[in-house]
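Below is one structure, written out as structure tokens; comments come after it.
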């Protein structure tokens with residue numbers, strides 16, 4: 001945290017190659033180092049950054065438990081650089097994971113938030129699985145819980161990609177105290193307007209920071225549109241990029257959330 005109370009967040013929009021797990025891991029670890037060098041307190045990675053979201057035929061073969069190679073490497077990088085890391089998501093092998101899971105077996109789209117010591121702060125398994133022109137809902141088990149964790153003055157919530165289309169999940173996070181929501185994604189062309197509008201809307205209606213972390217790269221039948229962005233509680237984009245690989249940084253402040261909610265108390269006017 002900076003001396004004036006802000007937190008520098010970095011969005012690691014890395015290039016993702018289908019099935020190139022080791023190369024993708026290296027890019028992720030390198031991006032964490034770059035973010036730390038730029039003074040970031042927290043860095044977030046994209047959805048299924050190690051295997052590639054659209055590499056559906058490889059999910060079963062390349063799935064890993066929570067203590068597998070990918071998350072172990074990310075935890076070590078967090079500790080080495082003393083930076084918080086959202087390990088965007090991986091394909092988790094629920095059979096091999098030694099932790100409470102939403103099902104006895106199968107696969108899940110799982111994000112893990114690590115603190116500066118590389119310790120797990122929260123685990124989130126994607127709740128809304130994409131069915132449109134996708135095999136995600138066929139291959140994966142949906143998560144059941146909405147996760148939050150405390151980090152540097154923020155209550156951090158976690159959702160993933162398609163969850164952006166379900167505003168009720170974000171209301172749950174706000175009710176749980178969330179002031180920052182991280183959204184690792186694998187959002188493809190041509191739905192640019194959806195990506196930008198939904199992300200901005202979630203920030204505006206919940207009066208919190210929303211950071212959307214997309215990947216970069218092409219798959220056989222999809223191209224990721226990038227455009228990772230940090231939105232403030234008014235829905236203003238603080239930092240963004242195009243569709244190439246990049247590390248995007250912005251300074252965010254938990255007091256800004258409290259100030260916006262006090263100035264324009266829309267959440268207090270909710271009726272159920």
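The values are calculated or read from the model by the stated rules, or taken from the named source; none is laboratory data. From a predicted model like this one, the values you see are computed outputs, not experimental measurements. Heads up, the Cβs are rebuilt from the backbone with ideal geometry, glycines too, and the neighbour counts pull from every protein chain shown.
Would it be correct to say that residue 77 is in a helix (DSSP H, G or I), in contact with a strand residue (DSSP E or B) (Cβ under 8 Å, 6 or more places away or on another chain), modelled with pLDDT of 95 or more and surrounded by 23 or more Cβ atoms within 10 Å (Cβ to Cβ)? Yes; evaluated as a whole, the condition is true for this residue.
Total residues in region 236-250 satisfying the condition of being touching a residue at least 24 places away in the same chain (Cβ under 8 Å) and over 17 Å from residue 8 (Cβ atoms): the figure is 3. Against the numbered list (1) assigned to a loop (DSSP other than H, G, I, E, B); (2) surrounded by fewer than 16 Cβ atoms within 10 Å (Cβ to Cβ), residue 72 comes up short only at (1). The residue list 209, 231 contains one member that is at pLDDT 95 or above and in contact with a helix residue (DSSP H, G or I) (Cβ under 6 Å, 6 or more places away or on another chain), which is 231. Which residues, counting only those in region 206-245, are assigned to a strand (DSSP E or B) and at positive phi? Scanning region 206-245 gives a single hit, 217.
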